[in-house]
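Student: Have a look at this one before I ask anything.
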């Protein structure tokens, strides 16, 4: 039998001194790559799927605020995902605090930057409030963002939180607007084997459409799926929570003739209840 009292476990050698030189100051997004669990709860498949939620929540915030009506989710065979919306588009003008950087670059490379800390841009918002998209950027080995506004297409690419090129712009014929983000989770963080689950992301998209009945989500999946996940679909529930209840219960078992559903808004307090 193992003598627990005589078992000597090798412990890492720790310096007895503890001075100012032992205090690390991590710049930019270093802290996210060094301790991803602090931001998304780990490095497993659950954590990797949280990246999708963060990008999708940003698109949904534009829809809830009344500026976007269509969101597109594309799953690609290389385990990357593209999420687009037809909202206002992330600002691309230079940021007053960082005059040599666009607001877009600031949002993607600085924690706690965004338009959701006050009520000036969004009355309600989901996600991590200011760290979401920058965390996604830090934990992706490739991220490309496109912004359509002012009759132009603005584009920039990143890898592991670092920009690969400066923000470019080009004129476009169509009057498009909105933001499109394509990202691939970094295998250094999540490993080579984990892959996005079409069923999980499809169900996530449906839940968002149930919660906000004004949005249409265009679903496109290039990955081979089972029969319960379509390759393409338009996800839209005009009756919101009522549609959700109908999908979950047996209508023949209803005590009343139909499901009761209602909603009310208090404009002065910016409150909506369904």
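The values are calculated or read from the model by the stated rules, or taken from the named source; none is laboratory data. Bear in mind that the values here come from a model prediction, so they are computed numbers and not experimental data. Because the Cβ atoms are built from the backbone with ideal geometry, glycine has one as well, and the counts that use them run over all protein chains shown.
Student: Where residues in segment 215-238 are loosely packed, with under 15 Cβ neighbours inside 10 Å and modelled with pLDDT under 90, which of them is farthest from the chain's Cα centre (by Cα)?
Tutor: Of everything passing the filter in segment 215-238, 227 is farthest from the chain's Cα centre (by Cα).
To keep it simple, each residue is scored yes or no on (1) out of contact with any helix residue (DSSP H, G or I) (no Cβ under 6 Å at 6 or more places or on another chain); (2) in the same structural domain as residue 261 (by TED's automatic domain parsing); (3) within 18 Å of residue 61 (Cβ to Cβ).
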position: 172; (1), (2), (3): yes, no, no
position: 198; (1), (2), (3): yes, no, no
position: 215; (1), (2), (3): no, no, yes
position: 225; (1), (2), (3): no, no, no
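Student: Across segment 206-230, what is the number of residues that are under 20 Å from residue 46 (Cα atoms) and assigned to a loop (DSSP other than H, G, I, E, B)?
Tutor: Residues of segment 206-230 that are under 20 Å from residue 46 (Cα atoms), as a first pass: 206-208, 221, 223, 225, 229.
Of the ones still in play, those that are also assigned to a loop (DSSP other than H, G, I, E, B) are 223, 225, 229.
Total satisfying the criteria: 3.
Rundown of residues vs (1) at pLDDT 90 or above; (2) loosely packed, with under 11 Cβ neighbours inside 10 Å; (3) over 19 Å from residue 109 (Cβ atoms), yes/no style:
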site	(1), (2), (3)
12	no, yes, yes
19	no, yes, yes
22	no, yes, yes
25	no, yes, no
48	yes, no, yes
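Student: Only one residue in 173, 233 is part of a strand (DSSP E or B) and closer than 30 Å to residue 90 by Cβ. Which one?
Tutor: The match here is 233.
Student: Looking at 203, 192, can you tell me which residue is part of a loop (DSSP other than H, G, I, E, B) and without any contact (Cβ under 8 Å) to a residue 12 or more places away in the chain?
Tutor: 192
Student: Name the residue that is farthest from the chain's Cα centre (by Cα), counting only residues in segment 29-46 that are buried (at least 21 other Cβ atoms within 10 Å of the Cβ) and part of a helix (DSSP H, G or I).
Tutor: Among those that are buried (at least 21 other Cβ atoms within 10 Å of the Cβ) and part of a helix (DSSP H, G or I), it is 32.
Student: Select from segment 169-186 the residues that are under 18 Å from the mean Cα position of the chain (by Cα) and more than 17 Å from residue 75 (Cβ to Cβ) and write down the one among them that is surrounded by the most Cβ atoms within 10 Å (Cβ to Cβ). Let's see the steps before the verdict.
Tutor: We begin by selecting, within segment 169-186, every residue under 18 Å from the mean Cα position of the chain (by Cα); these are 178-186.
Cutting the leftovers down to more than 17 Å from residue 75 (Cβ to Cβ) gives us 178-179, 186.
Numbers: 178: 22, 179: 25, 186: 21.
Per the stated criteria, the residue is 179.
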